[in-house]
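Participant: Let me give you the structure first, and then I'll get to my questions.
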Amino acid sequence: AYQAKAGETLQLEARLVYELWRALSGPDDGALDSVAAYQLQLSHIADSASRPLYAAALPALIPAERMFLQSYAVRMPVKVYEVAADADGASASSRLFASVWPDPDDEAAPLRERAGAFALSFPQSPLAGSLRVCGAPSLEHEARLAETQVRLWLQQGCKKIGVVALDRLVARRARALLERSCVMTDDETGWIFSTTSASTVLRRWLDALSSDFYFKDLLDLVKSPFIFPDWEHRREAVYALEGAVRSQSVIAGLQSCRAALTRVEGEQTVHATALVDRVARAAQSFRLDRRLSLRQWLLHLFGSLEALGVEDGLSSDPAGLQLVDYLHRLERELASSSVRFSFGEWRSWLDRQLESAEFRDNGVSSPVIFTQLSLTRLRRFDAVVLIGCDAAHLPGTDQQGAFFSESVRAQLGLPTSRDRVAQIVDDLRGLLCRSERVLVTWQTLRGTEPNLPSALFERLAVFHRLSWSTGLEDQQLPLTVIDAQVAPPHPCLLYTSDAADDS
């Protein structure tokens, strides 16, 4: 049925899925998933409406959201403002983008005819000097293009620069290069929790437990600054433990580590033994040979982290604080779940949660803002860099399409790939119209294979060349990058005692 392109069978299937969802979305124990909770919240707000509601530039609404606006309008006035990409819709750039990316519901002429007609109305390109496209042979080159252009714009007096992170790996590298150049950034895209040092100590603790404290996992764990952060002898204890483990060739096991310490002389072995004992007490409540619910596993995790002093250490770190809050929120949401899992199954589930949740540092205010395309709606920037504008990231792939075919999604009233692409194009047109200067980058190679640019900007480049016989490629910026590179900081020199005496 999913492979069928048309037919009544899909309508029957969609209706069947819909009725099953309605039947299964209200369990007897009263538990709610996030979607049902969101819809109930909308209903409660509509029922208690006491003031007018104004909405501007909303994305495509799901049926429950449209019903919310209708219900709210019964009690109080509702004003919904549709904001075009350009305020008056008559500027040259707005008309250009409408010609390049017409509405899919309109019957547009071929691209060559549209380009010729537009060139007759506008002999000069509206994008001349404002939009440039630059390909890079690698991730590092693309990050350096973005970083150099941002610094040039700052020198030219730009007060608000947007960096749209379509490729988050390149964006992270560009941010690191900017910070090396002493340019702080306001990152709205967030960081996946699994990439933060706060979640690293979590994974090290679980790795050590599952490996029966294999010596490398144990040493990685106790070297974390989040472990026993207030213990004044922690550094000496870790140093003594590592020396004993390596000198006695300990493979795994806390008992073996304790026995190795008894065979080593030194004043710090007392502290190392205390360290091993504290880790052992934390592991006592975390037996792996049983099946528990997800909530019970989390509660045992909290208890062990408290015994390790990790929660106190994380509370002083912004990412750690958000991580602890996120884990406690998961624990509350799982209160009604009674399905039991093994340690390995729970660990896989936890890893997926850390891969999907994000941390955002709200303590930085900067003229350079890393953001997402969907978050640029209604915002104006002096200049914008669009990072990662290749076919894989713009418009990218629709992950939701893995569950239902497009026909089934349309019958269920769910957003389709066509709706998603239309929203992306609308956001992109608005951003380009409201930005005075734009740089578009992508990687021309992925390893050794050619990497195609986004079809949206490829169509724009072809349209521009057909209209005015000129391209949009920036030939100067790659040369500027070579001269404008900021060298990495020199490593700290390690002086010997002799050298220190001579100085």
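The values are calculated or read from the model by the stated rules, or taken from the named source; none is laboratory data. All of these numbers come straight from a predicted model, not from anything done at the bench. Glycine also receives a Cβ, built like all others from the backbone with ideal geometry; neighbour counts cover every protein chain displayed. The protein model used for the area step is the full one, side chains on, heavy atoms only, and it has no ligands, DNA or RNA in it. Shrake-Rupley method; radii C 1.70, N 1.55, O 1.52, S 1.80 Å.
Participant: To the nearest 0.05, how large is the calculated FRET efficiency for D289 and L452 if R₀ is 51 Å and r is the Cβ-Cβ distance?
Facilitator: E(calc), rounded to 0.05, equals 0.50.
Participant: Can you tell me the orientation of helix 318-333 relative to the chain, as the angle in degrees between its alpha-carbon axis and the longest Cα principal axis, to the nearest 10?
Facilitator: That works out to roughly 90 degrees.
Participant: Which shape class, rounded, prolate or oblate, goes with segment 275-357 when its Cα gyration tensor gives a ≥ b ≥ c as root eigenvalues, a/c under 1.5 marks rounded, and past that a/b bigger than b/c marks prolate?
Facilitator: It comes out oblate by the Cα gyration axes.
Participant: Here's another thing I want to ask about it. Measuring with a 1.4 Å probe in the full set of protein chains, what accessible area per residue, in whole Å², belongs to the chain?
Facilitator: Normalised by residue count, the accessible surface of the chain is 55 Å².
Participant: Then there is this: Determine the share of segment 350-473's accessible area contributed by carbon and sulfur atoms, expressed in whole percent, with a 1.4 angstrom probe.
Facilitator: 52 percent
Participant: Where does helix 8-24 land angle-wise versus the long Cα axis of the chain, in degrees 0 to 90, nearest 10?
Facilitator: Once rounded, the angle reads 40 degrees.
Participant: What would the Debye equation give as log₁₀ I(q)/I(0) for segment 273-425 at q = 0.09, 0.14, 0.19 Å⁻¹, counting only Cα atoms as equal point scatterers?
Facilitator: -0.53, -0.99, -1.20
Participant: Give the aspartates and glutamates whose C-alpha is closer than 14 Å to that of K216, dropping any in the same chain fewer than 8 places away, or say none.
Facilitator: K216 reaches D207, E242.
Participant: Which of rounded, prolate, oblate describes segment 128-183, given a ≥ b ≥ c as roots of the alpha-carbon gyration tensor eigenvalues and a/c under 1.5 marking rounded, otherwise prolate only if a/b is larger than b/c?
Facilitator: oblate
Participant: Once a ≥ b ≥ c are taken as the square roots of the eigenvalues of the Cα gyration tensor of the chain, is the result rounded (a/c under 1.5), prolate (a/b larger than b/c) or oblate (a/b not larger than b/c)?
Facilitator: Note, shape of the chain comes out oblate.
Participant: Can you tell me which aspartates and glutamates have their Cα less than 12 Å from the Cα of K160? Leave out same-chain residues fewer than eight positions away.
Facilitator: By straight Cα distance, K160 reaches D186, D382, E436.
Participant: Can you give me the angle between helix 343-356 and the longest principal axis of the chain, using Cα atoms only, in degrees from 0 to 90, rounded to the nearest 10?
Facilitator: Orientation of helix 343-356: about 40 degrees from the principal axis.
Participant: Here's something else I'd like to know. Can you pull the percent of segment 301-348's accessible area that's carbon plus sulfur, 1.4 Å probe, other chains left in place?
Facilitator: Solvent-exposed carbon and sulfur of segment 301-348 make up 50 percent of the total.
Participant: With r as the distance between the Cβ atoms of K223 and C182 and R0 = 45 Å, compute the FRET efficiency 1/(1 + (r/R0)^6) and round to 0.05.
Facilitator: Calculated value: 0.95.
Participant: Right, next: With the full set of protein chains in place, find how many percent of the accessible area of segment 36-139 is carbon and sulfur; take the probe as 1.4 Å.
Facilitator: Of all accessible area on segment 36-139, carbon and sulfur atoms account for 56 percent.
Participant: Also, quick follow-up: Among all stretches of the chain without exposed chymotrypsin sites (Phe, Trp or Tyr not before Pro) (DSSP loop, at most 12 other Cβ atoms within 10 Å), which one is longest?
Facilitator: 3-402
Participant: Can you give me the long-range amide H partners of A55? Hydrogens built in the peptide plane at 1.01 Å from N, cutoff under 5 Å, separation of 5 or more residues or another chain.
Facilitator: Answer set, sorted by chain and number: K79, V80, Y81.
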